[in-house]
Amino acid sequence: MRYFPVFIDLKNKTIAVIGSGEQAAQKIRLLLKTTAHIRLISKEPNDELKALIDKGAISWETDKFNEDHISDCQLVYAASKPEINERVMLLANQLGIPVNVVDEPDMCSFITPAIVDRDPIVIAIGTEGAAPVMARKIKSKLETELPTRLGALAFMAGTLRNRVAKNLSEPRRRAFWESFFSGKLADLFYRGEKKKLKAEIDRILDETITEKKTTGHVTLVGAGPGPADLLTFRALRNLQAADVIVYDRLIDPSVLECCRRDAKRLYVGKEPNNHSVRQEEINDLLLEEARKGLHVVRLKSGDPLVFGRAGEELDFMRKHGITIDVVPGVTAATACAAEVGDTLTYRDKVRAITFLTGHSMRGATPYDWANIALPGTVIALYMAVKMAPKIQENLLAVGVNEATPVRIVEKGCSPEMRSFETTLANLSHDLQRHKVINPAMIYIILERDTSIDEESSDSEQAQTNKVES
Ligand SMILES: C[S@@+](CC[C@H](N)C(=O)[O-])C[C@H]1O[C@@H](n2cnc3c(N)ncnc32)[C@H](O)[C@@H]1O
């Protein structure tokens with residue numbers, strides 16, 4: 001190991017940064033995470049640096065670089081022209097001050113690692129300059145895996161340390177910290193259940209408090225429409241904390257891989273036209289597991305609040321006194337459009353998105369197509385492959401142009417994804433021709449005619465000209 005990692009106390013210390021541009025700004029962005037005083041030595045700071053000076057976040061020296069700029073400093077960064085960088089390095093070395101010359105490893109007496117900041121937990125990743133890309137990859141992996149509030153959890157641990165040491169002996173003490181950092185207590189903390197967390201800590205630490213029966217909790221988690229990298233950090237944290245996972249048909253195996261290894265997994269997949277597990281049975285199952293005092297994750301494809309029957313599960317749990325929260329996910333309408341490089345809204349041409357389900361058209365009150373198919377709208381149709389001929393017929397009947405563009409995305413975000421464009425007139429024919437099956441999104445793109453705007457703005461301009469003349 002050529003470079004030895006250490007953490008330097010920067011309280012009441014000064015760091016000098018010499019330079020005016022992006023490289024100096026990058027270093028200062030990082031240094032601003034510390035409590036050190038930052039001194040910028042620069043003739044013409046860029047806009048970002050000027051803004052920091054104006055805010056009083058850093059101090060600024062404009063005169064030519066000299067010894068006084070760095071003699072009282074703990075660390076020095078040089079991000080200027082090569083000749084100035086060299087002078088900074090030589091002077092810092094003479095004064096015995098650690099110096100970093102940006103992008104010049106041979107001129108550095110220290111290097112800045114990639115940092116994962118969950119203050120007071122700070123992880124530094126270094127590759128001795130050999131593989132900075134690898135350092136960034138490791139950083140991104142840790143950033144996704146470590147909850148953003150890990151630092152706050154660590155602070156709280158500090159406040160409990162003496163009490164735990166006094167009240168618990170081994171092995172209960174170790175079990176407490178296990179639960180605190182990655183078990184039930186951590187789970188309550190991240191969910192923001194302050195009262196329950198306090199009660200649970202008191203219950204464990206203060207044996208005079210009589211044990212209360214703990215109640216469970218249900219979280220509706222959006223898994224996104226495909227692979228695990230479309231999960232949110234919050235979804236991931238819940239998957240790693242839950243005792244029970246109740247999941248749907250469209251959940252990708254890579255998402256299930258993210259669950260706690262010892263979590264119980266219950267499949268309640270509903271096939272189209274073959275509702276193998278009825279919604280009432282799912283509700284009962286969630287309740288039964290939560291009543292055991294467990295954290296139950298109800299994992300749904302896409303976003304749980306979009307055609308996911310979340311409403312019934314929210315009502316049912318609340319009616320039975322079980323707390324329930326929702327973790328949003330990436331819905332199929334946006335994910336599939338992104339995957340094929342399309343936009344949903346387009347400044348003046350498309351200003352509204354309507355999410356519709358083809359499923360609830362069967363036997364339900366008919367949609368008011370004339371009011372739905374408004375110019376300037378994208379209609380994103382879920383579960384609509386089967387009902388597409390009916391939808392096509394209804395849209396044509398209310399006067400929508402036959403040539404209206406339609407985009408189909410089948411099995412979006414998966415290796416088997418297929419996508420094609422057609423027109424409203426050819427919609428059912430092309431769905432059959434391509435043998436499209438669920439899951440698929442159908443987008444009816446009703447662009448506004450912007451030439452009307454141009455004409456009216458021309459006539460407004462003409463009016464103005466008339467008035468002015
Ligand atoms: C029961 S709904 C659930 C929607 C989900 N809650 C969401 O927000 O995406 C299922 C429908 O979502 C759409 N869908 C889900 N995943 C999809 C995917 N990977 N590709 C295309 N469509 C998808 C299909 O229209 C499918 O029939």
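For K139, the aspartates and glutamates whose Cα falls under 12 Å of its own Cα, not counting residues fewer than eight places away in the same chain, are D117. Pull up the cross-link candidates among the lysines for K411, meaning alpha carbon to alpha carbon under 19 Å and not fewer than 8 places away within one chain. Excluding near neighbours in sequence, the set is K270, K300, K386, K435. Under the classification rounded if a/c is under 1.5, otherwise prolate if a/b is larger than b/c and oblate if not, where does the chain fall, given a ≥ b ≥ c as square roots of the Cα gyration tensor eigenvalues? Judged from the Cα gyration tensor, the chain comes out oblate (a/c at least 1.5, b/c at or above a/b).
For the range 1-110, the list of trypsin sites (Lys or Arg not before Pro) that fall in a loop by DSSP and count at most 14 other C-beta atoms within 10 angstrom reads R2, K11, K33, K43, K64. To the nearest ten degrees, helix 172-182 and the longest principal axis of the Cα atoms of the chain are 60 degrees apart.
Once the Cα atoms are used to define both axes, helix 132-145 deviates from the longest principal axis of the chain by about 60 degrees. Note on K11: lysines with a C-alpha under 22 Å away, same-chain residues under 8 apart excluded, are K27, K33, K55.
Note the angle between two axes, namely the Cα long axis of helix 82-95 and the longest principal axis of the Cα atoms of the chain, as a number of degrees from 0 to 90, rounded to the nearest 10. That helix lies at roughly 50 degrees to the long axis.
Taking 8 Å as the Cα distance limit and 6 or more residues as the minimum spacing, I'd like the relative contact order of the chain as a percentage. Display every interim value, and only then the final one.
Numbers: 747 pairs, mean separation 41.7, N = 469.
Relative CO of the chain lands at 9 percent.
Rounded to the nearest whole Hz, the Karplus-based 3J(HN,Hα) values (6.51 cos²θ - 1.76 cosθ + 1.60, θ = phi - 60°) of the range 238-244 follow the sequence 5, 5, 7, 9, 5, 7, 9, with x at glycine and proline. For the pair the range 214-236 and the range 79-145, the centres of their Cα atoms are 36 angstrom apart.
Footprinting exposure proxy ranking of K166, K386, fewest other C-beta atoms within 10 angstrom first, gives K166, K386.
Rounded to the nearest 500, what is the 222 nm mean residue ellipticity of the chain from helices alone, with -39500 (n - 2.57) per DSSP H run of 4+ residues and division by all residues? Walk me through the numbers on the way to the answer.
Numbers: 17 runs with 177 residues, N = 469.
Value at 222 nm, helices only, nearest 500: -11000 deg cm²/dmol.
Pairs of lysine residues in the range 150-205 that meet both criteria, 8 or more places apart or on different chains and Cα atoms under 18 Å apart, total 5. Each residue of the range 248-257 is assigned a 3J(HN,Hα), and the resulting list reads 9, 5, 7, 6, 6, x, 5, 6, 5, 4 Hz, derived from the Karplus form 6.51 cos²θ - 1.76 cosθ + 1.60 (θ = phi - 60°), x at Gly and Pro.
Computed from backbone phi, the HN-Hα couplings of the range 438-449 come to 6, x, 8, 10, 10, 10, 9, 9, 9, 6, 7, 7 Hz, rounded to whole numbers (Karplus: 6.51 cos²θ - 1.76 cosθ + 1.60, θ = phi - 60°; Gly and Pro given as x). Spacing of the modelled spin labels on A165 and Y3, each 7 Å from Cα toward Cβ, amounts to 3.5 nm. For the listed peptides 256-266, 153-163, 404-414, 284-294, a ranking on the average number of other beta carbons within 10 Å per residue, highest first, reads 404-414, 284-294, 256-266, 153-163.
What do you get for GluC sites (Glu not before Pro) in the range 101-192 restricted to DSSP loop and a cutoff of at most 15 other Cβ within 10 Å of the site's Cβ? All intermediate terms of the calculation are to be shown ahead of the outcome.
Numbers: sites: E128, E143, E145, E178; in loops: E128.
Qualifying residues, ordered by number: E128.
Read-outs throughout are calculated quantities, based only on the coordinates presented, and are distinct from any laboratory measurement. Because the structure is a prediction, the values reported are computed rather than measured. Using ideal geometry, Cβ is built from the backbone for each residue, glycine included, and neighbour counts are taken over all protein chains shown.
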